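Comments concern the structure below.
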Amino acid sequence: VQLQASGGGLVQPGGSLRLSCVASGSSSSIYLMGWYRQAPGKQRELVADITSGGSTNYADSAKGRFTISRDNAKNTVYLQMNNLKPEDTAVYYCKARHWGLVYWGQGTQVTVSS
């Protein structure tokens, strides 16, 4: 399974971005897809994930501002990020778990700054 993330960029505080991650190389729907982020000098942390059945899980920092969704037919996961804050600045990584194996995408930079 290969993961290709896109959608990062520079945005002002209070702005929005939508990240996308496409999984290829699987003939079936990926069980779990999600987003993690890593800020400079910090550990990688979960932002949100979603199962193929639609069950979601959010970090406290994402609740109320971020929404994760997916298109199973396209094996694509999205992260809609609203009301972005400077502390959301990080490299965002797509992660997938399928048949017990874990896969990571290459990361996309999100910078929130005025």
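The values are calculated or read from the model by the stated rules, or taken from the named source; none is laboratory data. These figures come from a predicted structure and were not determined experimentally. When we count neighbours, we look across all protein chains shown, and the Cβ atoms used for this are built from the backbone with ideal geometry, even at glycine. We work out accessible area using only protein heavy atoms, side chains counted, and drop any ligands, DNA or RNA first. Shrake-Rupley method; radii C 1.70, N 1.55, O 1.52, S 1.80 Å.
Couple of notes before you dig in:
- Restricting region 1-17 to residues that are aliphatic (A, V, I, L, M) and at pLDDT 95 or above, the residue that is nearest to Tyr92 (Cα to Cα) is Ala5.
- The criterion of at least 2 residues that are without any contact (Cβ under 8 Å) to a residue 40 or more places away in the chain and either open to solvent by 40 Å² or more (accessible area, probe 1.4 Å) or polar (S, T, N, Q) (or both) is met by the following strands (runs of 3 or more DSSP E) wholly inside region 22-86: 45-51, 56-58, 66-71.
- Within region 87-106, the set of residues being out of contact with any Lys or Arg (no Cβ under 6 Å at 6 or more places or on another chain) and surrounded by fewer than 17 Cβ atoms within 10 Å (Cβ to Cβ) comprises Glu87, Arg97, Trp99, Gly100, Leu101, Val102, Gln106.
- Residue match in region 8-16 (condition: assigned to a strand (DSSP E or B), of a type in the set (A, V, I, L, M, F, W, C) and surrounded by 17 or more Cβ atoms within 10 Å (Cβ to Cβ)): yes
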